[in-house]
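Trainee: Dumping the structure here so I can ask a few things about it.
All of the numbers you see were taken from the coordinates with simple rules; none came from a lab. Keep in mind it's a predicted model, so treat the numbers as computed, not measured. With ideal geometry, Cβ positions are generated from the backbone for all residues, glycine too; neighbour counts draw on all protein chains shown.
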Amino acid sequence: MDMKERLQELAEAAGKRISESEGLEKLNEVRVAYLGKKGELTAILKSMKDVAPEERPKVGQLVNETRSKIEALLDESKQKLEEAAREEKMKQEVIDVTLPAKKAKIGHRHPNTIALEEVERIFIGMGYEVVEGPEVEYADYNFTKLNIPENHPARDEQDTFFINDSILLRSQTSPVQARTMEKGKLPIRMIAPGRVFRSDEVDATHSPSFHQIEGLVIDKNITFADLKGTLQEFAQELFGPETKTKFRPHHFPFTEPSAEVDVSCFKCGGKGCRFCKGSGWIEILGCGMVHPNVLSMCGIDPEEYTGFAFGVGLERIALLKYEIDDMRLLYENDIRFLKQF
Ligand SMILES: [Zn+2]
């Protein structure tokens with residue numbers, strides 16, 4: 001058999017095997033079998049030395065042509081196989097547009113935020129403005145100007161985080177009262193919500209950081225009747241129109257007289273239930289008429305102006321309103337918990 005025929009047969013055999021290859025791996029085996037270092041075509045090339053010298057260029061050309069032919073067939077088949085693989089993959093990854101869309105997970109307002117917005121809405125409706133003050137505060141504003149002198153037990157280091165002798169993390173939002181009064185713009189109708197700090201152990205009802213909402217009204221002829229009416233209105237707006245209030249005498253250094261306020265239980269209407277521990281009442285806040293000493297220390301004449309103040313725990317409202325029985329849940333930021341409100 002002459003070289004030309006041998007090469008023709010080889011090309012035909014290779015073409016047959018290529019067209020029968022069902023995968024890229026098989027195709028590569030064919031490539032190695034013919035074109036590889038130990039491949040058939042390479043073997044023919046090596047046998048060139050047996051060809052007569054004058055025939056060599058012609059045979060060389062034939063070998064090259066055969067090589068190109070096989071390579072072209074290999075490339076063509078490779079492309080077809082790759083395309084088929086791509087199509088198969090597309091079929092498997094087909095998107096079902098009728099499936100429900102994946103919802104983007106967004107956060108949820110915190111119960112504290114919901115409760116605060118509710119309280120703000122009520123007081124803004126009564127003509128109050130919302131004022132904020134610093135969380136790192138002078139002891140002077142946190143205590144002295146609020147009629148809490150040196151040696152008062154409320155200054156005890158066990159309750160307050162002191163930064164140095166005169167600076168602390170505010171233990172109440174009341175310093176915002178003193179700061180607002182000092183500005184001397186009267187009358188005042190304000191609430192001051194914000195974070196406060198006390199060195200309490202964490203349990204179901206305590207946390208070293210919580211929130212208060214302070215309220216202050218200063219004007220001419222403000223009486224205890226104004227205080228009672230305002231807080232009655234607040235309680236009814238927050239807990240429902242049937243809500244009753246009860247004022248119990250109490251003591252705070254910065255108000256005189258002072259009271260603690262209970263609201264009738266909104267679960268049982270005052271009959272007594274587990275929620276109100278059988279009493280029919282739930283304690284919600286402390287209040288009183290601003291002490292004349294506080295007015296004087298903040299530059300307001302107590303002979304001309306009077307006022308009232310109140311302070312309510314924001315967590316207390318959130319816990320009551322949403323019937324949460326452990327304050328720690330409010331600080332965990334677990335979306336499964338937050339989503340319930
Ligand atoms: Zn009750």
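Trainee: Once Lys and Arg get +1 and Asp and Glu get -1 on their Cβ, which of Leu227, Gly307, Thr243 lies farthest toward the positive end of the dipole of the chain?
Mentor: Checked the options; the winner is Thr243.
Trainee: Further question: Which translational diffusion coefficient, to the nearest whole µm²/s, is obtained for the stretch 38-112 from the Stokes-Einstein equation, given a Kirkwood hydrodynamic radius over C-alpha pairs, 10 °C and 1.306 mPa s?
Mentor: Values: Rh = 18.3 Å.
The estimated diffusion coefficient comes to 87 µm²/s.
Trainee: Which of Phe275, Pro134, Ala13 sits farthest toward the positive end of the charge dipole of the chain, with +1 on the Cβ of Lys and Arg and -1 on the Cβ of Asp and Glu?
Mentor: Of the listed residues, the answer is Ala13.
Trainee: So, by mean Cβ neighbours within 10 angstrom, what's the order for 318-328, 200-210 with the highest one leading?
Mentor: For the peptides 318-328, 200-210, the packing ranking is 318-328, 200-210.
Trainee: Moving on to the next point. What are the residues whose amide H is under 5 Å from the amide H of Ser21, where those residues sit 5 or more places off or on another chain and H is modelled from the backbone?
Mentor: Under 5 Å from the amide H of Ser21 lies no amide H from a residue far enough along the sequence or on another chain.
Trainee: Further question on the same structure: Strictly over 31 Å apart at the Cα level, which of Lys228/Lys271; Lys16/Lys58; Lys105/Lys267; Lys37/Lys91; Lys183/Lys339; Lys16/Lys89 would you flag in this model?
Mentor: Lys105/Lys267; Lys37/Lys91; Lys183/Lys339
Trainee: For the stretch 74-193, just the Cα atoms, rotate onto the principal axes and tell me the three extents in Å, largest first.
Mentor: 95, 39, 24 Å, listed from the longest principal axis down.
Trainee: Continuing with the same structure: What percentage of all Cα-Cα pairs in the stretch 121-181 are separated by more than 18 Å?
Mentor: 37 percent
Trainee: Can you give me the Cα centroid spacing of the stretch 13-58 and the stretch 103-135 in angstrom?
Mentor: 82 Å
Trainee: Counting only C-alpha contacts under 8 Å and six or more residues apart, can you give the relative contact order of the stretch 111-338 as a whole percent? Show your work: numbers first, answer last.
Mentor: On the way: 441 pairs, mean separation 48.1, N = 228.
Relative contact order of the stretch 111-338: 21 percent.
Trainee: I would also like to ask the following. In the Gaussian network model of the chain, springs joining C-alpha atoms below 10 Å, which of Leu329, Leu186, Leu41 carries the largest mean-square fluctuation?
Mentor: Top of the fluctuation ranking is Leu41.
Trainee: Scattering from the C-alpha atoms of the stretch 1-154 alone, worked out with Debye: what is log10 I(q)/I(0) at q = 0.13 1/Å?
Mentor: One equal scatterer on each Cα of the stretch 1-154 leads to -0.83.
Trainee: Further question: Connecting C-alpha atoms closer than 10 Å in a GNM of the chain, tell me which of Val217, Val136, Val59 has the biggest fluctuation.
Mentor: Of Val217, Val136, Val59, the Gaussian network model singles out Val59 as fluctuating most.
Trainee: How big is the dipole moment of the stretch 111-338 about its Cα centre under a simple scheme where the beta carbon of each Lys and Arg is +1, that of each Asp and Glu is -1, and everything else is neutral? Debye, nearest 20, please.
Mentor: 680 debye
Trainee: Turning to a different aspect of this structure: Calculate the translational D of the stretch 111-338 in whole µm² s⁻¹ from Stokes-Einstein, where the hydrodynamic radius comes from the Kirkwood formula applied to all Cα pairs, the temperature is 37 °C and the viscosity 0.692 mPa s.
Mentor: 180 µm²/s
Trainee: Now for a separate question. Near the amide H of Ala192, under 5 Å away, which other amide H atoms are found, from residues 5 or more places off or on another chain, if H is placed in the peptide plane?
Mentor: For Ala192, whose amide H was placed from the backbone, the distant partners under 5 Å are Val131, Glu214, Gly215.
Trainee: Also: Residue by residue through the stretch 216-222, which ³J(HN,Hα) values in whole Hz follow from phi under the Karplus form 6.51 cos²θ - 1.76 cosθ + 1.60 (θ = phi - 60°), with glycine and proline marked x?
Mentor: Result, ordered by residue: 8, 10, 10, 6, 6, 6, 7 Hz.
Trainee: From the helices alone, meaning DSSP H stretches of at least four residues, give me the mean residue ellipticity at 222 nm for the chain, per-run term -39500 (n - 2.57), in deg cm²/dmol to the nearest 500.
Mentor: Helix contribution divided over all residues of the chain: -12500 deg cm²/dmol.
Trainee: Can you find, among His110, Asn164, Pro175, the residue farthest towards the positive end of the dipole of the chain? Put +1 on the C-beta of Lys and Arg, -1 on that of Asp and Glu.
Mentor: Most positive-ward Cα: His110.
Trainee: Specify whether the C-alpha gyration tensor of the stretch 156-221 places it in the rounded, prolate or oblate class, a ≥ b ≥ c being the square roots of the eigenvalues: rounded for a/c under 1.5, otherwise prolate if a/b is larger than b/c and oblate if not.
Mentor: Working: a/c = 3.60, a/b = 1.82, b/c = 1.97.
It is oblate, given that a/c is not under 1.5 and a/b is not larger than b/c.
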